[in-house]
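S.K.: Can you keep this structure in mind? I'll have questions shortly.
The values are calculated or read from the model by the stated rules, or taken from the named source; none is laboratory data. Since the model is a prediction, treat every value here as computed from it, not as a measurement. Virtual Cβ from ideal backbone geometry, glycine too; neighbours counted across all protein chains shown. All accessible areas refer to the heavy atoms of the entire protein, side chains included, with ligands and DNA or RNA removed. Shrake-Rupley method; radii C 1.70, N 1.55, O 1.52, S 1.80 Å.
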Amino acid sequence: MEETLLRLEAEALAAIAAATDLASLEEVRIKLVGKKGAVTLGLPNMRDVPADQKRLVGQLANRLRQGVEEALSSRRLAFEATAREAARAATSLDLSLPGRVPTPGRRHPLTLVLHELVDIFAGFGFQVVDGPEVELSYYNFTALAIPEDHPARDDRDSFYINQDVVLRTETSAVQVRYMETHEPPVRIIAPGRVYRRDAVDSTHSHTFHQVEGLLVDRGVSFADLKGILYALARGLFGEGVIARFTPDYFPFTEPSAQMGIWRGPNGICTDPKDPAGRWLEILGCGMVDPQVLANVGYDSEEYTGFAFGVGLERLAILKYGIDDIRLFFENDLRFSGQF
Amino acid sequence: MRVPLKWLTDYVDLDRSADELAELLIDLGVGVEEQLTAPGLGGDLLVTEITPNRGDLLSLLGMAREVAAATGRTVRLPAPQVAEDPAVRIADRLTVRVEDPELCPRYAARLVTGLTPGPSPQWLQDRLVAMGQRPIDVLVDVTNYVMFELGQPLHAFDAAKLGDTVVVRRATEGELMVTLDGQKRHLTREQLLITDGHEPVALAGVMGGLDSECSSATRDVVLEAAHFYGPNIRRTARRLGLESESSYRFARTVDPNLPLLALDRAAQLLAECAGGTVASGVIDVKAAALAPRPITLRVRRCNSFLGAALSSAQMAGYLRALGFEVGEADGILQVLVPTRRPDIEREVDLIEEVARLHGYQNLPLTPPPATQSAGGLTDSQRLERRVRELLLGAGLNEVQTFSLTSAPAMAKAGLVADPLEIGALVLQNALSAEFAMLRWSLLPSLLEVVSRNQAQHTEPVRLFEVGRTYAGLDVTVTDQQARAASRVSTGQTASSLPLPCTEERTLGGALLGRAVCGGWNTTPPTAEELLFEAKGIVELVLTELRISGLRVEPRPEAVFEPGRAGAWWHGDQLVGVFGEVAVEVRQRYDIREPLMLFEVNLGWLLQQADTRRVFSALPRQPAALRDIALTVPLEVPSTAVAAVLTSAAGSWLEELRLFDVYRGKGLPAGTRSLAYNLRFRHPQRTLTDGEVDECMAAVVTAVREQCGAALRE
């Protein structure tokens, strides 16, 4: 019995070692440990083993079974590893091939700048409000203290739908609508399109975008206006930005001002002595004219306020160094993909 | 306004370089556009830009005043010495009648006789050249010179041609006159004329008439220095296309106290330069208010308005420097503002003058004032940003196109609605036919953008725009209603104000090509895939906004391929459309590949959106998954099959997903195959195979009976 088992073990291990690939190994496996395999059948029935040999034969039988299983398994793993190697070699990749790039869409540069600006003012407690682009001349001109014979009202400068209806020429019209429907204090910005009767060229467009800001409360001063707009400039262009306020004229603010930013050939310039530096006016602003407050029924002795209007195209031009306003509306994807 | 520094120093001492002067002027609110060497005259010259409220700065003297005020100097006023000839009196030679004192509040004239016209002296010519003028002859040059020097436009008439009478009146309707430039002008009641009592001799404040023009034969001239109503002069100049140095100044208001000084100065120069004799006396017909305007300034108000702490004396000092008379008492300044500054009417105007002279840069700056309200975006505004993020994530690039368009541009896209019928907003005074009305759909401009990009070989071209569309013009909405709705009229805060039309916040999109540009081994999407991607992108938005229950129906529209377009409806409200662009339309835009468009009413969606987000616990029980493939008659829409499946599967059905649609070989004619995944889950326990099998059996029976569907083997 003992000899039979040892011989069987030796034959089985030799057969396993002789297998040349996974398929022949499988044949060997079936011949050895299949239902009718040599090892399966060759294992002794322990009842038939004399009592004094039971222990030795049991040990040998276990060793035979486990040894064959292990040999089959390690041989299989070896064949599989070889096969994998071969498969890998056959499917090797050129990792220098370009990646498959997902192409999420790009925001329009005006939206990028607008969202930045909105976020800055949201931080100052401003709400974002909306107003119509097709506007009554009362809200666009009259209530903003723009006199009946002011050139802005002229049909050479503004688009009219009919005698009383105009495409708004500035977002300031929203000031009036908001104050008419809300009690002070007021703290709003109003972004949107405005229209002027200008032919389109590299610096002009009949359509452009503004963001209007309005703050009305007790005790609001020109110093507060300067404070908020400096904060805006720093928020948009960084801490080093150089800004200045100089007097200007708008019918609906008094005193009126413009804010200029010191710019170099490639956007913001942080060196006040840079010979290439130039001032670029980026927004108009001022204290809300008491007449405007009176026109909406606010007590202009009790309340004061400031307003500003900033051109989005201008901000984007300054921020990104864009040189032609038409690019904003041509929507060449090679343009918007740059931001 | 050009400012030659050599000339400016006639009136004010200057110890600054041109650069420094430019800085000073900018800080005062005078724009400086250019700095050059003065032609003719030599020396530096600043080209300044004057805001429309500051007509007083449109002269060298006005500029000198401003510079003097800011530098603490005094102004040297010209003080012309006129040697009048007692033998000749203007009153004997001329009478002036002003019929419309509103349009002509002052009309003054002087007579200079015995002139010898010819070229002006060189110094005078040089100064005019510096101002960008071509010297003509001494008579014209002197009037121009005085205008640049003092700001008062003057006119010289040949006294012999003028006769003995001047009548200032409105033109009659249809009246004709020939202006200096030889043009025949058709006039209306809106134009003010200087006449010789019968015929027009000048278009007041704008241009002289050909018939009364001075020439080399002129010996006697009548010099006119008048004050005309600015807005009327501006309108006339614009209407006739005759904008001149004179009308430019009148439009911005000239000091009504200036005419006599200007006449004396011009008369003196004519006597000096053209050998004339000045007749004695001046004709001066006036209705204008010539006294300075009194205004009170409260020192405390000024400081609180500016956020400053200026003393009463500082404020008074600034105002006096401007030439205003100021009395100080108890924190109140009583200010007399001369007539050359009609822009200073109220206390707040004085506050601006104080701020200007103090320097905006020198005023304090305070941090943004605190507030109780949180500010920021509303839920709906935040949601709109979220929608934009989703669209960007889906590979759509944001575009912004003009709202102004034209009927042919709309029709090119197949949008052939009658602009009048839909209440389109048509411009009364379009600048060009291309931009003549406001769009009522974003689709035409999206088509243009796709076309333009494809022409540049850019691919994919996947776009979205959030923009307004305009329709429903209400012609009954007028300024009158706005006035009536004002708090000033009603005494209360309005809840809504009149709107002239409907402006919808609209989302449009265009898809051409896939959102991945790996660059190699990619296949172009089929039109069908792309169409359902377009639909799917809108479905993504609807899901994000928690809007369900919209009905989708076929949408025949000229812009879309027949049978390949649909619309979302909520009741009888059209929410949006999507579809494959018709080949004919694509050809018009030279678009070579399948293109899908969608357009939805984003404003309405955001209004309907549910912005609440509430957590629901993740399921703890295992799910049971089943697939089913059905052969369904072609006429049964997938939504009907899905509805039957959902209701028949019972309440344990968690999700139903269509994963395969097939038409073709191996199926009975007139049918297609639809295959679904079904996921079942019980909230409290594990479902047995038997239970799920029962559900599936119910599903099969229901689709067979209700949809005519068969289980596909």
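S.K.: Of these, B:Gly55, B:Gly31, B:Gly43, which one is open to solvent by less than 40 Å² (accessible area, probe 1.4 Å) and touching a residue at least 40 places away in the same chain (Cβ under 8 Å)?
M.R.: Numbers: B:Gly31 fails: touching a residue at least 40 places away in the same chain (Cβ under 8 Å); B:Gly43 fails: touching a residue at least 40 places away in the same chain (Cβ under 8 Å).
Answer to the check: B:Gly55.
S.K.: Counting residues that are in contact (Cβ under 8 Å) with a residue 40 or more places away in the chain and open to solvent by 80 Å² or more (accessible area, probe 1.4 Å), which strands (runs of 3 or more DSSP E) fully inside the range B:80-124 reach at least 1?
M.R.: Values: elements: B:84-89, B:95-98, B:106-113.
Ranges flagged: B:84-89, B:95-98.
S.K.: Can you name every residue in the range B:372-391 that is within 8 Å of another protein chain (Cβ to nearest Cβ), farther than 24 Å from A:Gly219 by Cβ and without any contact (Cβ under 8 Å) to a residue 60 or more places away in the chain?
M.R.: B:Leu377, B:Thr378, B:Gln381, B:Arg385
S.K.: Please count how many residues of the range A:23-53 are closer than 27 Å to A:Arg84 by Cα and either open to solvent by less than 70 Å² (accessible area, probe 1.4 Å) or not aliphatic (A, V, I, L, M) (or both).
M.R.: Result for the range A:23-53: 11.
S.K.: If you go through the range A:256-298, how many residues are farther than 22 Å from B:Ile351 by Cα, among the small types (Gly, Ala, Ser) and more than 10 Å from chain B (Cβ to nearest Cβ)?
M.R.: 4
S.K.: Test each condition in (1) at the interface with chain A (Cβ under 7 Å from one of its Cβ atoms); (2) out of contact with any Asp or Glu (no Cβ under 6 Å at 6 or more places or on another chain) for B:Thr478 and report the one that comes out false.
M.R.: Just one mismatch for B:Thr478, condition (2).
S.K.: Do any strands (runs of 3 or more DSSP E) entirely within the range B:278-371 hold 2 or more residues that are away from chain A (no Cβ under 14 Å) and buried (at least 20 other Cβ atoms within 10 Å of the Cβ), and if so, which?
M.R.: Where strands (runs of 3 or more DSSP E) fall fully within the range B:278-371 and carry at least 2 residues being away from chain A (no Cβ under 14 Å) and buried (at least 20 other Cβ atoms within 10 Å of the Cβ), they are B:332-337.
S.K.: Quick check, is B:Leu678 of a type outside the set (Lys, Arg), modelled with pLDDT of 95 or more and open to solvent by less than 50 Å² (accessible area, probe 1.4 Å)?
M.R.: Criteria met by B:Leu678.
S.K.: Only residues that are under 34 Å from the mean Cα position of the chain (by Cα) and either at the interface with chain B (Cβ under 8 Å from one of its Cβ atoms) or of a type in the set (Gly, Ala, Ser) (or both): list them for the range A:210-224, please.
M.R.: A:Gly213, A:Leu215, A:Asp224
S.K.: Could you tell me which numbered condition A:Asp94 fails, if it satisfies all but one of (1) among the charged types (D, E, K, R); (2) closer than 29 Å to B:Pro52 by Cβ; (3) more than 9 Å from chain B (Cβ to nearest Cβ)?
M.R.: A:Asp94 satisfies all of (1) among the charged types (D, E, K, R); (2) closer than 29 Å to B:Pro52 by Cβ; (3) more than 9 Å from chain B (Cβ to nearest Cβ) except (2).
S.K.: Which residues, taken from the range A:308-324, are assigned to a strand (DSSP E or B) and within 14 Å of chain B (Cβ to nearest Cβ)? Break it down stepwise before answering.
M.R.: Just the residues of the range A:308-324 that are assigned to a strand (DSSP E or B), to begin with: A:308-311.
A:Phe308 - this is the single residue of the range A:308-324 that is assigned to a strand (DSSP E or B) and within 14 Å of chain B (Cβ to nearest Cβ).
S.K.: Further question on the same structure: Mind listing just one residue for me: the one in the range A:213-224 that is part of a strand (DSSP E or B) and open to solvent by 10 Å² or more (accessible area, probe 1.4 Å) and, of those, nearest to A:Glu183 (Cα to Cα)?
M.R.: Only one residue fits best here, namely A:Asp217.
S.K.: Restricting attention to the range A:225-242, which residues are open to solvent by 10 Å² or more (accessible area, probe 1.4 Å), within 10 Å of another protein chain (Cβ to nearest Cβ) and among the small types (Gly, Ala, Ser)?
M.R.: A:Ala231 - this is the single residue of the range A:225-242 that is open to solvent by 10 Å² or more (accessible area, probe 1.4 Å), within 10 Å of another protein chain (Cβ to nearest Cβ) and among the small types (Gly, Ala, Ser).
S.K.: Now for a different question. Would you confirm whether any residue within the range B:516-530 is touching a Ser or Thr at 6+ places or on another chain (Cβ under 7 Å) and within 11 Å of another protein chain (Cβ to nearest Cβ)? Don't jump to the end; show me each part of the working.
M.R.: To start, the set of residues in the range B:516-530 that are touching a Ser or Thr at 6+ places or on another chain (Cβ under 7 Å) comprises B:516-517.
Still in the running and within 11 Å of another protein chain (Cβ to nearest Cβ): B:516-517.
Yes, there is a match, as at least one residue in the range B:516-530 is touching a Ser or Thr at 6+ places or on another chain (Cβ under 7 Å) and within 11 Å of another protein chain (Cβ to nearest Cβ).
S.K.: Can you find even one residue in the range B:272-292 that is polar (S, T, N, Q) and outside the structural domain of B:Val222 (by TED's automatic domain parsing)?
M.R.: For the range B:272-292, residues polar (S, T, N, Q) and outside the structural domain of B:Val222 (by TED's automatic domain parsing): absent.
S.K.: Turning to a different aspect of this structure: Does any residue of the range A:105-123 turn out to be over 30 Å from B:Phe402 (Cα atoms) and open to solvent by less than 80 Å² (accessible area, probe 1.4 Å)?
M.R.: For the range A:105-123, residues over 30 Å from B:Phe402 (Cα atoms) and open to solvent by less than 80 Å² (accessible area, probe 1.4 Å): present.
S.K.: Confirm whether A:Phe252 is more than 11 Å from chain B (Cβ to nearest Cβ) and over 35 Å from the mean Cα position of the chain (by Cα).
M.R.: Against the criterion (more than 11 Å from chain B (Cβ to nearest Cβ) and over 35 Å from the mean Cα position of the chain (by Cα)), A:Phe252 qualifies.
S.K.: What are the residues in the range A:130-175 that are over 26 Å from B:Ile233 (Cα atoms), in contact with a helix residue (DSSP H, G or I) (Cβ under 6 Å, 6 or more places away or on another chain) and within 9 Å of another protein chain (Cβ to nearest Cβ), if any?
M.R.: Those that are over 26 Å from B:Ile233 (Cα atoms), in contact with a helix residue (DSSP H, G or I) (Cβ under 6 Å, 6 or more places away or on another chain) and within 9 Å of another protein chain (Cβ to nearest Cβ): A:Glu135, A:Leu136, A:Tyr139.
S.K.: Within the range A:92-100, identify whether any single residue is under 20 Å from A:Thr253 (Cα atoms) and either free of Cβ contacts under 8 Å to residues at least 40 places away in the same chain or open to solvent by less than 40 Å² (accessible area, probe 1.4 Å) (or both), and answer yes or no.
M.R.: no
S.K.: Where in the range B:514-602 are the strands (runs of 3 or more DSSP E), entirely inside, with at least 1 residues that are open to solvent by 60 Å² or more (accessible area, probe 1.4 Å), over 25 Å from B:Glu504 (Cα atoms) and assigned by TED's automatic domain parsing to the domain that holds B:Leu442?
M.R.: Of the strands (runs of 3 or more DSSP E) lying wholly inside the range B:514-602, those with at least 1 residues that are open to solvent by 60 Å² or more (accessible area, probe 1.4 Å), over 25 Å from B:Glu504 (Cα atoms) and assigned by TED's automatic domain parsing to the domain that holds B:Leu442 span B:560-570.
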